[in-house]
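Chemist: So that we are looking at the same thing, I have put the structure below in structure tokens.
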Amino acid sequence: MKTPRLTRRSALALGAASAAILAEAQVGAAVPSGAITAMPGHRLAAMIAARQISAAEVMAAYLDRIERLNPKVNAVIALRDRAGLLKQADAADAAVKSGAALGPLHGLPHAVKELSPVAGLPFTMGSPIFRGQVAKADGLMVERLRKAGVVFIGKTNSPEFGLGSHTFNPVWGTTRNPWDVTRSAGGSTGGGAVALALDLVPLADGSDYGGSLRNPAGWNSVFGLRPSLGRVPNDSPDDWLTSMGVAGPMARSAADLALLFSVQAGFDARKPMMLEGGGEAFRAIRPEAMKGKRIGWAGDLGGAVPYEPGVLETCRKALTRFEDMGAVVEDAVPDFPVEQAWQAFVKLRHWQQGGNLLALYNDPAKRALLKEAAIWEVEGGLALSAFDVNAWSTVRSGWSRAVAKLFQRYDYWIMPTSQLFPFPAEWTYPKEIAGRTMRTYHEWMMATCLVTLSGSPTVAVPAGFGPTGLPIGLQIAAPVHADAECLAVAAAWGAANGELLKRRPVLA
């Protein structure tokens, strides 16, 4: 592969984000591949479109980095053949030279979370039941990525069927945290988060039911957005009874988060419960002016949610940065029984997730291959009547109204992205937190699950590092449908925390 060259024009276009890396480079000198992979995704896309750098150079730089670092963390899976990917990148460059209309992500390498189908790529959902399965068509969100111009390089790892916020499965193995490879990467978008943290991809898509775009973002010190329901189309077979699960973006910066979300979001007539409008408006997000903004700090929700020592302290200290920007931070807990809300989440998840897996459960041969959490969800759903689902949905409505009432006083509602720091990768899940026994495989994610239950869009941002040097994040919730406000507050956070965002994982 020909070594990439740096022209004066492209050196100027790299901007402040890559200035330190390129400071010693001379005009005409080779561009270090690390300089390419460290660039923001939105800048890379603009440079490819402007012919300031080639898609082939970008592809080669990312593949080199994946080859070097991915074996240590297992974030990118089902990687396609290098020669074929470089050929596709050459085709992307040819399209630029021809003057063809380009999508906003034209030429960028991209790996899709293993829970979404990409035509021609493996689609196992981490389950041995589907080992060897190859997708015949793109999913709805993937269609948008393809139209936007990405080159699909493979997939990112996820737990089996996305169950649990720890990324391991019997098909692809365990994804490890780049800040400490003995620790969990989080999940279920663990592969995407790790790939971003190590600059293995410029952008990462994911999904979130109980915290899958928030916990791994926090544990890898990147950004993740859980959008409002109906903002991004999903591949659910049911068009009318809307799941609490959503698809959304993950990125290394708020600007990149907004770019990917602008591609993912927007009405699709095939999904009648979607919100009206396109996604382009989310691309031009400006940092929120925080002076005078009111922030509610959830803490441990009045003692209802247990936290590992150091988590609340690290996150509350991080909020002083908002206070320095002129925001007012106060303790804020919804006026609703937290345990009752939690039980509503558990029961409704049984119904929704268990229903998706029921056909597999009903086949004895396939049931034997299901993970314990999957069987538990199905059997929990089988114990519910239709009237039970209606009753628990009413409880959910009570919780969401209580949270909405908070937003009459506060602009944002904030809590940690997880109740503990990354735990050992060999664990299935933590069995207790601060001396309290976890009753389910996902109770250690209660804080993110309760935000899911509210319907609020929520952005995860890096908060800092705990006593042992492991990262944690803040989840910043906004009123229902206030997705743009989530992106704006993330941009403000990024602008005020440059030094924090420069900190790199051990492996990087």
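The values are calculated or read from the model by the stated rules, or taken from the named source; none is laboratory data. Keep in mind that this is a model prediction, so the values were computed, not measured. No Cβ is skipped: glycine too gets one built from the backbone with ideal geometry, and neighbour counts run over all protein chains shown. Keep in mind that these areas ignore ligands, DNA and RNA; they rest on the heavy atoms of the full protein, side chains included. Shrake-Rupley method; radii C 1.70, N 1.55, O 1.52, S 1.80 Å.
Chemist: Can you give the calculated 222 nm mean residue ellipticity of the chain, where each DSSP H run of n ≥ 4 adds -39,500 (n - 2.57) and the sum is split over every residue, rounded to the nearest 500 deg cm²/dmol?
Modeler: About -11500 deg cm²/dmol.
Chemist: Rounded to the nearest whole Å², what accessible area per residue is found for the chain with the 1.4 Å probe?
Modeler: Ligands and nucleic acids excluded, the figure is 38 Å² per residue.
Chemist: Now a separate question. Within 9 Å, Cβ to Cβ, of G41, how many net charges do the neighbouring residues add up to if Lys/Arg are +1 and Asp/Glu are -1?
Modeler: Neighbourhood net charge equals +1.
Chemist: Right, next: Based only on Cα atoms, what Rg/Rh ratio does region 32-77 have, Rh being taken as Kirkwood's radius?
Modeler: 1.02
Chemist: With only Lys, Arg, Asp and Glu charged, each at its Cβ (+1 for the first two, -1 for the last two), find how big the charge dipole of region 82-206 is about the Cα centre; round to the nearest 20 debye.
Modeler: Dipole of region 82-206, to the nearest 20 debye: 180 debye.
Chemist: Could you compute the net charge surrounding A344? Neighbours are other residues with a C-beta less than 12 Å from the C-beta of A344; K and R count +1, D and E count -1.
Modeler: +1
Chemist: What is the sum of charges, Lys and Arg at +1 and Asp and Glu at -1, for the other residues whose Cβ falls under 14 Å from the Cβ of D331?
Modeler: Cβ neighbours under 14 Å give a net charge of -1.
Chemist: Could you give me the percent of Cα pairs per 5 Å distance bin for region 384-508, shortest bin first, beginning at zero and ending with the bin that holds the maximum distance?
Modeler: Final binned percentages: 2, 9, 15, 17, 17, 16, 13, 7, 3, 1, 0.
Chemist: Moving on. Using Cα-only point scatterers and the Debye equation, what is log10 of I(q)/I(0) for region 164-290 at each q in 0.09 Å⁻¹, rounded to two decimals?
Modeler: For region 164-290, the Cα-only Debye profile gives -0.27.
Chemist: Report relative contact order for region 235-351 in percent, whole number only (criteria: Cα-Cα under 8 Å, sequence separation at least 6).
Modeler: It rounds to 20 percent for region 235-351.
Chemist: Same structure, new question: If I ignore ligands, DNA and RNA and count only protein heavy atoms, how much of K431 is accessible to a 1.4 Å probe, in Å² to the nearest 10?
Modeler: For K431, the solvent-accessible surface is approximately 110 Å².
Chemist: Also, quick follow-up: Using only alpha carbon pairs under 8 Å that are at least six residues apart, calculate the relative contact order of the chain and give it in whole percent.
Modeler: 15 percent.
Chemist: Using a 1.4 angstrom probe on heavy atoms only, work out the carbon and sulfur share of the accessible area of the chain in %.
Modeler: C and S fraction of accessible area: 54 percent.
Chemist: Put one equal scatterer on each alpha carbon of region 340-398, apply the Debye formula with no solvent term, and list log10 I(q)/I(0) at q = 0.14, 0.22, 0.26, 0.28 1/Å to two decimals.
Modeler: -0.38, -0.77, -0.96, -1.06
Chemist: Run the simple label-point estimate for I375 and W240 please: 7 Å along Cα→C-beta, distance reported in nm.
Modeler: About 3.5 nm separates the two model spin labels.
Chemist: Quick check: with the 1.4 Å probe, what order do F123, F423, F267 take by accessible area, largest first?
Modeler: Per-residue accessible area, sorted high to low, gives F267, F123, F423.
Chemist: Once you sort the root eigenvalues of the Cα gyration tensor of region 228-353 as a ≥ b ≥ c, which label holds: rounded (a/c under 1.5), prolate (a/b larger than b/c) or oblate (the other case)?
Modeler: The shape class here is oblate.
Chemist: Keeping all protein chains in the complex and leaving out DNA, RNA and ligands, what accessible area do you get for R504 with a 1.4 Å probe, in Å² to the nearest 10?
Modeler: Probe radius 1.4 Å; accessible area of R504 about 100 Å².
Chemist: Leaving ligands, DNA and RNA out of it, rank R176, R270, R226 by accessible area with a 1.4 Å probe, largest first.
Modeler: R270, R176, R226
Chemist: Cα atoms only, the chain: Rg and Dmax in Å?
Modeler: My reading of the Cα-based Rg and Dmax gives 21.7, 71 Å.
Chemist: Can you pick out the pairs among K293/K317; K347/K405; K113/K136; K291/K317; K72/K502; K317/K405 whose Cα atoms lie more than 20 Å from each other?
Modeler: Beyond 20 Å: K347/K405; K72/K502; K317/K405.
Chemist: Okay, moving on. Just tell me, in residue order, which DSSP H segments of the chain are both 27 angstrom or longer along the helix axis (alpha-carbon based) and at least -1.0 in mean Kyte-Doolittle hydropathy.
Modeler: Membrane-span-like by this criterion, though nothing is claimed about a membrane: 338-361, 386-406.
Chemist: Please report the Cα spread of region 395-456 along all three principal axes, rounded to whole Å, starting with the longest.
Modeler: Computed over region 395-456, the largest-to-smallest principal extents equal 43, 23, 19 Å.
Chemist: Still on this model: So what does K87 come to for accessible area, using a 1.4 Å probe and Å² rounded to 10?
Modeler: 150
Chemist: Okay, moving on. Between R503 and K87, what FRET efficiency comes out of the Förster formula 1/(1 + (r/R0)^6) with R0 = 45 Å and r the beta carbon distance, rounded to 0.05?
Modeler: 0.75
Chemist: On to the next question. Positive end of the charge dipole of the chain (Lys, Arg +1 and Asp, Glu -1 on Cβ, about the Cα centre): tell me which of G303, I285, W427 has its Cα farthest that way.
Modeler: I285
Chemist: While we're looking at this one, here's another question. Sorted from largest to smallest, which semi-axis lengths in Å does the alpha carbon gyration tensor of region 330-429 give for its equivalent ellipsoid, taking the root of 5 times each eigenvalue?
Modeler: So the equivalent ellipsoid measures 32, 21, 9 Å along its semi-axes.
Chemist: Also, I was wondering about something else. Protein chains only, probe 1.4 Å: how do T156, T314 rank by accessible area, largest first?
Modeler: T314, T156
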